[in-house]
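J.: Structure in structure tokens, see below.
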Amino acid sequence: MKPAEGYRPCVGIMLLNPAGLVWVGKRIDTPNDLEGDWTGWSQMPQGGIDADEDPARAAHRELHEETGVRSAEIIAEAPEWYTYDFPSEVQTRSYSRYRGQTQKWFAMRFTGADDEVNIHAPAGEKAEFSEWRWLPMTELPALVVPFKRPVYDKVIAAFGHLTG
């Protein structure tokens, strides 16, 4: 299956630790009124696929860019591309040439230690997250912006069997 036309092709990564918990980061652009509250602005690592880049390679690259993690192996791939539309305020602000994003999701097993995680961007780059934690997969939908929740529900359905 191919990415949907008119949508930005991306990858998403569900990083699972040995206990079956999922890595989630609090977006750095969380409004001040949500400070200290993990609701609504957290997500798993995700990002665009470069031209002529294989989605699995993009997943490893994005995981490292956003979390510093290299010690991870792909253990599953979602059976299809998941697509969502941007709300108008996001579309005009960030990705005006795209209707939304279409994502190929990968589950990865984290094989390193927590001190490998580094959410601070290298010089000249922009950090995605202000903090991070491990949590049960079932808590993910409540933490993400509403327009991404249907995709997160599909990701959980695709990878739910991996937490046991």
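The values are calculated or read from the model by the stated rules, or taken from the named source; none is laboratory data. The structure presented is a predicted model; accordingly, all values stated were derived computationally and were not measured. Cβ sites come from the backbone with ideal geometry, for glycine too, and all protein chains shown count toward neighbours. SASA here: full protein model, heavy atoms, side chains in, ligands and nucleic acids out. Shrake-Rupley method; radii C 1.70, N 1.55, O 1.52, S 1.80 Å.
J.: Pairs please, first residue from segment 141-154 and more than 13 Å from Gly12 (Cβ to Cβ), second anywhere and open to solvent by 20 Å² or more (accessible area, probe 1.4 Å) and outside any helix (DSSP H, G or I), Cβ atoms under 6 Å, 6+ apart in sequence or on different chains.
T.: Going by the 6 Å Cβ cut-off, the qualifying pairs are Leu143/Trp38; Phe147/Pro87.
J.: Would you list the helices (runs of 4 or more DSSP H) that sit entirely within segment 46-150 and hold 2 or more residues that are of a type in the set (S, T, N, Q), surrounded by fewer than 12 Cβ atoms within 10 Å (Cβ to Cβ) and out of contact with any Lys or Arg (no Cβ under 7 Å at 6 or more places or on another chain)? Spell out how you get there, then give the answer.
T.: Details: elements: 55-67, 88-93, 140-143.
Filter on segment 46-150 gives 88-93.
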